[in-house]
Amino acid sequence: MTFYPTDRLALFIDGANFYSASKALGFDIDYKKLLTEFSRRGVLIRAYYYTAIAENDDYSPIRPLVDWLDYNGFTMVTKPAREFTDSQGRKRWRGSMDVELTVDMMQMAEHADHLVLFSGNGDFRALIEAVQRKGVRVTVVSTMKSQPPMASDDLRRQADAFVELADLSDLVGRPARSPLPRFVTEGRSPEREGDDDY
């Protein structure tokens, strides 16, 4: 990645797309490490995270992450996801954050030297082109190593730089949690969990 120490940086994380990319590669993002890593690469002025949250849901699985990010240096941009029924009669959720991300990125282009987009969504190609016309460099972080690839070819071509998410796994990732209990993955029996004599 080409960053200059005096670069004013802003991060734009398309939550759903970035989550899918990291899962496809088999690791979870450690957002504290991510913030630290990009703070080292320039003057980080803002880190945005975009996600839709299911409305009328007593508990949303993404709520703990949203709360943690909100308290730990990220600017959260959320909106309610809308429930709908697909053609097979299954309940689905819809909640695109593309417009919100686009508006924020266009506004931040006036205040930053380098914007980093964590998304492979090809719909952002025109946005990147518009931001570049303002003299701002844009780096895209996504993956081509998943099946299917998560990064649009048009988006990669338009960006000033493309960073393969798999190459960042050691810097910003943590291994995906095993669904098995720890004593199974470590080869211990539950009775001997506290016994270190073997």
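Within segment 54-70, the presence of at least one residue that is assigned to a loop (DSSP other than H, G, I, E, B), open to solvent by less than 50 Å² (accessible area, probe 1.4 Å) and within 20 Å of Met150 (Cβ to Cβ) is confirmed.
When segment 108-140 is filtered for residues that are of a type in the set (A, V, I, L, M) and either without any contact (Cβ under 8 Å) to a residue 60 or more places away in the chain or open to solvent by 70 Å² or more (accessible area, probe 1.4 Å) (or both), the ones remaining, listed by number, are Ala109, Ala126, Leu127, Ile128, Ala130, Val131, Val136, Val138, Val140. Tell me, which residue of segment 156-186 that is in a helix (DSSP H, G or I), open to solvent by 60 Å² or more (accessible area, probe 1.4 Å) and closer than 25 Å to Met105 by Cβ is modelled with the lowest pLDDT? Step by step, filter segment 156-186, then rank; the result is Leu171.
The values are calculated or read from the model by the stated rules, or taken from the named source; none is laboratory data. Being a predicted model, the structure only gives us computed values, none of them experimental. Glycine gets a Cβ as well: all are built from the backbone with ideal geometry, and neighbour counts include every protein chain shown. Side chains are part of the model used for accessible areas, which takes the heavy atoms of the whole protein and leaves out ligands, DNA and RNA. Shrake-Rupley method; radii C 1.70, N 1.55, O 1.52, S 1.80 Å.
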